[in-house]
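See below for the structure under consideration.
The values are calculated or read from the model by the stated rules, or taken from the named source; none is laboratory data. Worth saying up front: this structure is predicted, and the values here are computed from it rather than measured. Here Cβ is always computed from backbone atoms with ideal geometry, including for glycine, and neighbour counts include all displayed protein chains. Note: areas computed on protein heavy atoms with side chains; ligands, DNA, RNA excluded. Shrake-Rupley method; radii C 1.70, N 1.55, O 1.52, S 1.80 Å.
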Amino acid sequence: MKSQKSSGFTLVEILTAIVVLAILLGIGIPSLTAIMRQNRLAGKTNELIGALALARSEAVKRGSRVSICSANAAGDDCSGGIDWSNGWLLFSDSEGNEGEIDADGTAPDDTIIQSWAAPSLESIDLTSSHASITFMSSGAATVQTSFTVRPQNCSSAGDARRIDVALSGRASKSNGDC
């Protein structure tokens, strides 16, 4: 009789491959989750640093005050609070109270230049020591402030980010603890 040549995998080989794959996934998925959380945190931190740099450059370009503030839940006005998790607004701050959007109908009203929405599908807490930051035409900030960007349920040392804004208007970031 002729011997038949078989091709394919045996049941034992398939089961062994499935077991190895399950072990690798069990090890890899928690690491992947942590990497995704760190990338979201870095993205939101960089987005805020970019907004601060834009506010500073707009103040210099316009030759007048420009402010950035924490947004209210609707995203159309300043919240007046130190929780920036609803997003933030960049606006020309040419009249009225510093750090507040004033629009009384007399020229020049404060106008929103750009807005940033709350983090979507992310659990990120964003707080500051001030409700708004105003940049003067020289690029200098009127207050020295700091932001803390951290994931909710933050538990590991170094999981949070800190953004410091100096009176010169320069923003810098560093790792922080929860």
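Before moving on, here are some points about what is shown:
- Two-decimal ratio, the chain, of alpha-carbon radius of gyration to 2.2 N^0.38 Å: 1.59
- Inter-label distance, Leu15 to Asp76: 6.5 nm, where each label sits 7 Å from its Cα along the C-beta direction.
- Summed over the residues of the stretch 37-120 and divided among them, the accessible surface reaches 46 Å² per residue at a probe radius of 1.4 Å.
- Backbone amide hydrogens, once placed in the peptide plane, bring Asp159 within less than 5 Å of Cys178, excluding anything fewer than 5 places away on its chain.
- Largest first, the extents of the alpha carbon coordinates of the stretch 39-91 on the three principal axes equal 32, 26, 15 Å.
- Per-pair calculated FRET efficiency, R0 = 25 Å: Ala53 and Ser94 via Cβ, rounded to 0.05: 0.75
- Solvent-accessible area of the chain (1.4 angstrom probe, protein heavy atoms only): carbon and sulfur portion equals 56 percent.
- Residues of the stretch 132-167 with amide N under 15 Å of the 7 Å Cα→Cβ point at Ile35: none
- In degrees, nearest ten, helix 11-62 long axis to first principal axis of the chain (Cα): 10
- Dipole of the stretch 32-178 [Lys/Arg +1, Asp/Glu -1 at C-beta], most positive-end residue of Thr134, Ser79, Pro108: Thr134
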